[in-house]
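No lab work stands behind these numbers, since they all come straight from the coordinates. Nothing here was measured: the structure is a model prediction, and the numbers come from that model. We place every Cβ from the backbone using ideal geometry, glycine too, and count neighbours over all the protein chains shown.
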Amino acid sequence: MSAISDQTLKSVLESAISRVAEARDAKELDEIRVAFLGKKGLVTEQMKRLGTLPPEERKTFGAQVNEAKNGVEDAIKKRGAELESLRYADLAEKEWIDVTVPGEPVKRGHLNPISQIQYELEDIFTSLGFAVVDGPHVETEFNNFEALNIPADHPARDMQDTFWTEDGNLLRTHTSCMQIRAMQRMKPPMRLIAPGRVFRYEATDASHENTFYQMEGLMIDRNISVSNLIHFMKTLLREIFKRDVKIRLRPGYFPFVEPGFELDINCLICGGSGCPVCKQSGWVELLPCGLVHPNVLKNVGIDPSEFTGFAFGLGLNRLVMMRYGIDDIRHFLSGDVRFVEQF
């Protein structure tokens, strides 16, 4: 029995080593392992014969089975290392990479010029004690018009062609509605700016768009006058243009301020000689402003006999045009990547 078993083990070991040497990949090698060392493998089956042997032969036969098992395991381990080495050698030949070749440059994104100027303005005004507030694009008729002293029959409604929604709301026509929201939830004194996108249903030209950006500014306190307004406007323009610019303040009508003004700056595109941006006038309307109308204060629950304030609306697109010498507001929504890449 022992001689027969010994011969059988030698045959199993030789067969295993032969098949292992011919294995071509890790999958085939694992199949050989299961065939010889698995629960029903040939070497494992020999181990099960121990119970049929006389006690004096079991120790010797058990040692022979373990020797055969170790032999198969060593052969599989050695062939596995060879196959791994061959795999990487093959990769080096077929999938080599020249690490000395310069890589593709990584393109970095950047902020739109309107966003750049908006953040710069926010830094200027927050340094002056102003808070930055926000609001929804879709507004109520009350916040956009009525609270700003523009009732349904007011002629100023015709000055702002409006996108209306089916449920009776609208796309905000100015950022002034955000000051209404702020005054409804805040108590004076207050200083705030409200930058954002606005919408007008109107024809476009070099200085007008149907979608553009504004920044509303508001200051409410005791004894606020026009001199406070002028001071902050001059500070704003000096900081944003990094130099003093020529301005003019002329009377202007806006239902939500009294008195109201148009603050114009000398056109920085043509230097005042006349161009399509300034409509050949040499001046660009930039900062409609004035003292907050008492009716507006009453509409949000602020006593106009105790508090006064000023408000202004800054056209961000036009400010960017003056800053960078852009001659057509329509460039901002043109989708031309060459335009925004300049900034």
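Label reach from PHE241 (point 7 Å along Cα→C-beta): in the stretch 275-310, amide nitrogens under 20 Å belong to 275-290. For the peptides 292-299, 18-25, the ranking by packing is 292-299, 18-25, with the highest mean count of neighbouring Cβ atoms within 10 Å listed first. Take 332-338, 248-254 and order them by the average number of nearby Cβ atoms within 10 Å per residue, most first; the result is 248-254, 332-338.
Based on C-alpha pairs under 8 angstrom that are at least 6 apart in sequence, the chain has a relative contact order of 14 percent.
A cysteine counts as unpartnered when no other cysteine's C-beta lies under 4.7 Å of its own; in the chain this applies to CYS177, CYS289.
Listed peptides 76-88, 57-69, 312-324 appear in the order 312-324, 57-69, 76-88 once ranked by packing, highest mean of other Cβ atoms within 10 Å at the front. Annotation: extensible slack from LYS234 through VAL337 equals 33.7 nm (criterion: 0.36 nm per residue apart, minus Cα-Cα distance).
Rounded to the nearest 500, the 222 nm mean residue ellipticity of the chain from helices alone is -13000 deg cm²/dmol, with -39,500 (n - 2.57) taken per DSSP H run of at least 4 residues.
Starting from 0.36 nm per residue, how many nanometres of slack lie between GLU82 and ASP25 once their C-alpha separation is accounted for? Don't skip to the end; give the middle numbers.
Details: separation 57, 0.36 × 57 = 20.52 nm, distance 0.98 nm.
Full extension of this stretch gives 19.5 nm more.
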